[in-house]
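The values are calculated or read from the model by the stated rules, or taken from the named source; none is laboratory data. Predicted model only: the values in this text are computed from it and were never measured. Positions of Cβ are backbone-derived with ideal geometry, glycine not excepted, and every protein chain shown enters the neighbour counts.
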Amino acid sequence: MNQTAALPSPVAQGGGMPPAVIELGQASRFYGNVVAVNDITMTVGPGVTGLLGPNGAGKSTLLHMMAGFLAPSNGSVTLDGRPIWRNHEIYRSIGLVPEREGVYGFLTGWQFVLSSAKLHKLPNPEDAALKALATVEMEAAKDRKVETYSKGMRQRVKVAAALVHNPRVLLLDEPFNGMDPRQRLHLMDLIRTMGAAGRTILFSSHILEEVERVAQQIEVLVAGRHAASGDFREIRRRMTDRPHLFNIRSSDDRRLAAALIADGSSGAVALTPGGLEVQAVDFRRFTWLLPRVARDIGVRVWQVAPADEDLESVFSYLITRSGQ
Amino acid sequence: MNTVIAGITYRALLGRRRIWMLILLPLVLFALAGLLRIVGADDERTTILLMQHFAIGTMLPLLGLIIGTGVIAPEIDDGTILHLLSKPISRPVITQTKFLVAVSLLVLFAALPTYVTGSLLIGNEGGVAAGFAVGALAGGIAYAGVFLLLGVVTRHAVTIGVTYALVWEGAVGNFVPGARRFSIQQWAKSIADQFSDSLALKADVTLGFALPALMLVTVIGVVWAGLRLGRFSLAGDE
């Protein structure tokens, strides 16, 4: 068993499969008057795509539409031109790792993955199940009941069940939630390997660092809208280049304000009872400039705190920009 | 029929504490029969009363509810159903398999104990035991179909099912004779009456109505459940 684990598994490698493309054409989803996903046009091809957005942005809604578990209210969601909704044959090409536990606790890991292989009517279900379990390195615990597994082990056994038929598309809903760092790294490696082999992989996450480490392509979703799209460098640049707001406390706020406004890197400087509020237009130049200016005029800086560093404000910046 | 789905469903229903719920009701039936035997009331008339009020009137609808919803509703509740739905298997095959599992369990836990109890009390007298066993089987099939559908369409399947069985079939059926025409329990009794020549057993609904009605609700239940599962949707993250 251990020897099979050491060899690169054919399941992980993908084995020269034809590329799969998921296409969303102006897809929207409403719940009554609430718009969960609004007019999204997106193409997801081979490689790893990260679906990034704050909680409640509509990531799950979008992923459920791609997985055939939600009908688009408007627009189309297709895989290689075939509609996904109400098309059970599509699951020959799709593997889904849902966010909710969704594993029968009374089955062993082996029984669970084997049942998946049999439900796919694979010619050799035992072999396929063994390979899939080897891919996620779960052979050692395969005879334990799923209810005794840790969160990370459950996640891996779910990935194995989703991979057992060697699908061209793998969809994962918040796959890293609740995993410990080691398990997280392992799953990240696995996803990268499978993406490099030409599989079309999409996973959702609300953590930029996670997405950055695994995905080549990032799609940002904010408040149901497609806020940004590109590779992670592009997204990272757009997130850093936005105007930053800083709260600064110093020994002489008024003098520091005068000196800062003299330089072009600050857009606006306000004197508040709590100190200075500075809007930096050029993030790099501002962070370089501040300590020098303060030293030159003999002002002691006590505190520099970003006022809008949380992810929500970064996302909302992206959405206002994309709306323009 | 899909054997993998059937296997998982049997394990979900029998492998856990729920099996005690299934065993409990037949045990009560046996206990009541034993009691009748001890007090010497094991005549045809009393046996029919026991069959009518407990075997078909209480045990069958309750088991129908526990089993009929139990084959699918818990999986929909906890999301494990996705394991079956994300496979290249048509959704009606899934619901049909669940239906057959429910029917087989109702044979085992309702129809069979009904027959055994009847035979122990009065043997083959008047065809009572066989009649009620067939009635329980027919009623069990219909309950399985109806409660399976209920388990697919609503999260409140058990509440609605209990309300139907206790309030409509029980209370309303007792006081409003007209309501008996639309009661699976009464249809089961009509079938029992057909197989038995006992004069003490008298059905309220004619077989000409009961038999088509049983078939109709079963078919509607199973077909509709399949269609509904075909449109199974997950809520978003809102």
Give all pairs with beta carbons closer than 7 Å in which a residue from region A:152-166 that is at positive phi meets a residue that is aliphatic (A, V, I, L, M); count only pairs at least 6 apart in sequence or on separate chains. A:Asn166/A:Val11
Being small (Gly, Ala, Ser) and assigned to a helix (DSSP H, G or I) is the filter here; which residues of region A:108-141 pass it? A:Gly109, A:Ser115, A:Ser116, A:Ala117, A:Ala128, A:Ala129, A:Ala132, A:Ala134
Taking region A:17-42 and keeping residues of a type outside the set (A, V, I, L, M), surrounded by fewer than 23 Cβ atoms within 10 Å (Cβ to Cβ) and within 14 Å of chain B (Cβ to nearest Cβ) leaves A:Ser28, A:Phe30, A:Tyr31, A:Gly32, A:Asn33, A:Asn38
Does region A:113-128 contain any residue that is buried (at least 24 other Cβ atoms within 10 Å of the Cβ), in contact (Cβ under 8 Å) with a residue 24 or more places away in the chain and facing chain B (nearest Cβ under 10 Å)? yes
Every residue from region A:167-190 that is under 17 Å from A:Val48 (Cβ atoms) and within 14 Å of chain B (Cβ to nearest Cβ): A:Pro167, A:Arg168, A:Val169, A:Leu170, A:Leu171, A:Leu172, A:Asp173, A:Glu174
Taking the stated definitions as given, is A:Val136 over 30 Å from A:Phe30 (Cβ atoms), within 10 Å of chain B (Cβ to nearest Cβ) and modelled with pLDDT under 95? no
Residue list for region B:1-48, filter: small (Gly, Ala, Ser) and in contact (Cβ under 8 Å) with a residue 40 or more places away in the chain: B:Ala6, B:Ala12, B:Ala33
Condition first: away from every other protein chain (no Cβ under 11 Å) and closer than 21 Å to B:Pro88 by Cβ. Now tell me which residues in region A:60-75 satisfy that. A:Met66
Considering only region B:1-48, state which residues are surrounded by fewer than 19 Cβ atoms within 10 Å (Cβ to Cβ), within 14 Å of another protein chain (Cβ to nearest Cβ), farther than 15 Å from B:Ile66 by Cα and of a type in the set (Val, Ile, Thr). B:Thr3
Here the qualifying pairs (Cβ atoms under 7 Å; residues six or more apart or on different chains; first in region B:108-127 and free of Cβ contacts under 8 Å to residues at least 12 places away in the same chain; second in a helix (DSSP H, G or I)) come out as B:Ser119/B:Ala129
Among residues of region B:181-238 being among the hydrophobic types (A, V, I, L, M, F, W, C) and within 14 Å of chain A (Cβ to nearest Cβ), the residue surrounded by the most Cβ atoms within 10 Å (Cβ to Cβ) is B:Leu229
Would you mind telling me which numbered condition in (1) assigned to a loop (DSSP other than H, G, I, E, B); (2) modelled with pLDDT of 95 or more A:Leu170 fails? (1)
May I ask you to list the residues in region B:123-138 that are within 14 Å of B:Asp42 (Cβ to Cβ) and hydrophobic (A, V, I, L, M, F, W, C)? B:Val128, B:Ala129
Which condition does B:Val128 not pass, out of (1) buried (at least 23 other Cβ atoms within 10 Å of the Cβ); (2) under 21 Å from B:Gly64 (Cβ atoms), if it passes all the others? (2)
Residues of region B:158-176 being touching a residue at least 40 places away in the same chain (Cβ under 8 Å) and over 14 Å from the mean Cα position of the chain (by Cα), which ones? B:Gly170
Based on what the data block shows, is A:Ala57 within 10 Å of chain B (Cβ to nearest Cβ) and either touching a Ser or Thr at 6+ places or on another chain (Cβ under 9 Å) or not in a loop (DSSP other than H, G, I, E, B) (or both)? no
Anything in region A:43-71 that is at pLDDT 90 or above and surrounded by fewer than 20 Cβ atoms within 10 Å (Cβ to Cβ)? List them, or say none. A:Thr43, A:Gly45, A:Gly47, A:Ala71
So if I check each of A:Arg86, A:Arg82, which one is more than 10 Å from every other protein chain (Cβ to nearest Cβ) and surrounded by fewer than 17 Cβ atoms within 10 Å (Cβ to Cβ)? A:Arg82
